[in-house]
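Scroll down for the structure; my scribbles are underneath it.
The values are calculated or read from the model by the stated rules, or taken from the named source; none is laboratory data. Worth saying up front: this structure is predicted, and the values here are computed from it rather than measured. Cβ: placed from backbone, ideal geometry, glycine included. Neighbour counts: every protein chain shown.
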Amino acid sequence: MLKDRAIPEENLTALFDFLAKFLEMPYKNFKSHVSEQLIKCTCEKDDGPIHWVGEISYKCWFVVKGMVIIYMNGKDGKLIRGFFKAGEIAILPNSFKNSVASGSGLIGVPDTELLEISTFQMQQIYELFPKSLDLESKIISSVVGKSELRDRLIKLSAQDRVNEFHSLFPETKGKNRTVKLLDKDKANYLNLGETYFSRFCADDREE
């Protein structure tokens, strides 16, 4: 993973626009202080997870571009349980807030761009800007539905699962997809065999 302290202004604007949807911060120096704590990260093809199953999550990430996969370990390999897409914050709430080992891990799709912050830095932000705790609570509440979405999708027929998935995540569809999520990962998420999955998306071949 490539890391850089220099963050483009448009990335910061995207982050603070996202935060403002939940709660406006009534502090003059909030944006400048938070901006100074962030690190820009770019995920590369051969990177491992940005967070491993079973470890305590000391970081969270705003997804500037691309996608972050939520996975668990199964007896036959990883089980994909959800995604954080561009414009969302990738966080494992219980582990991040309570310093407990997480049952899930996170993987950045290649070329995904993230803004990273740690729990230590967040503690400083809480102390300086108390209302940021309310903001965090609202963001965490929005994450809860990730697993529920998958539960709803896998009750559909195979064709409807694929169609609904591409309706929800159009950036992953077709040869010109902007997020190059692999077919095997889509199939895993939708509880379909990869070969079986491929029958339902002939226009969605990987390059």
Return a yes/no flag: does region 137-151 have any residue that is within 17 Å of the chain's Cα centre (by Cα) and closer than 19 Å to Glu44 by Cα.
-> no
Contact list, first residue from region 45-59 and hydroxyl-bearing (Ser, Thr, Tyr), second anywhere and surrounded by 14 or more Cβ atoms within 10 Å (Cβ to Cβ), beta-carbon distance below 6 Å, six or more apart or interchain, is Ser57/His51; Ser57/Leu92; Ser57/Ser95; Ser57/Phe96; Ser57/Ser102; Tyr58/Ser118; Tyr58/Thr119
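How many residues are farther than 21 Å from Arg5 by Cβ and surrounded by 15 or more Cβ atoms within 10 Å (Cβ to Cβ) when one looks only at region 73-93? If you could, list the steps in order and put the result at the bottom.
If we filter region 73-93 for residues that are farther than 21 Å from Arg5 by Cβ, which is where we start, we get 73-88, 91-93.
Next, only the ones that are surrounded by 15 or more Cβ atoms within 10 Å (Cβ to Cβ) stay: 78-86, 88, 91-93.
The number of residues fulfilling the criteria is 13.
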The listed residue being touching a residue at least 24 places away in the same chain (Cβ under 8 Å), charged (D, E, K, R) and assigned by TED's automatic domain parsing to the domain that holds Lys85, out of Asp111, Asp185 = Asp111
Among (1) of a type in the set (S, T, N, Q); (2) surrounded by 13 or more Cβ atoms within 10 Å (Cβ to Cβ); (3) modelled with pLDDT of 90 or more, Ser167 falls short only on (2)
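Would you point out the residue of region 98-127, among those that are assigned to a helix (DSSP H, G or I) and in contact with a helix residue (DSSP H, G or I) (Cβ under 7 Å, 6 or more places away or on another chain), that is surrounded by the fewest Cβ atoms within 10 Å (Cβ to Cβ)? Full working, then the answer.
Filtering region 98-127 for residues assigned to a helix (DSSP H, G or I) gives 98, 119-127.
This time we only want the ones that are in contact with a helix residue (DSSP H, G or I) (Cβ under 7 Å, 6 or more places away or on another chain), so: 119, 121, 125-126.
On the way: Thr119: 15, Gln121: 18, Ile125: 19, Tyr126: 13.
Among those that are assigned to a helix (DSSP H, G or I) and in contact with a helix residue (DSSP H, G or I) (Cβ under 7 Å, 6 or more places away or on another chain), it is Tyr126.
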Identify, by number, the condition in (1) modelled with pLDDT of 95 or more; (2) touching a strand residue (DSSP E or B) at 6+ places or on another chain (Cβ under 6 Å) that Ile117 doesn't meet.
-> (2)
Which members of region 168-192 meet the condition of being out of contact with any Lys or Arg (no Cβ under 6 Å at 6 or more places or on another chain), farther than 21 Å from Lys65 by Cα and among the aliphatic types (A, V, I, L, M)?
-> Ala187, Leu192
Those residues of region 1-38 which are within 16 Å of the chain's Cα centre (by Cα) and not in a loop (DSSP other than H, G, I, E, B), in sequence order = Asn11, Ala14, Leu15, Phe18, Leu19
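I'd like the full set of residues that are in contact (Cβ under 8 Å) with a residue 40 or more places away in the chain and among the charged types (D, E, K, R), limited to region 147-168. Reasoning before the result, please.
Here is the first cut: in region 147-168, the residues in contact (Cβ under 8 Å) with a residue 40 or more places away in the chain are 147, 149-150, 158-159.
Within region 147-168, Arg150 is the sole residue that qualifies.
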Filtering region 28-59 for residues that are within 16 Å of Leu12 (Cβ to Cβ) and touching a Phe, Trp or Tyr at 6+ places or on another chain (Cβ under 6 Å) leaves a count of 2
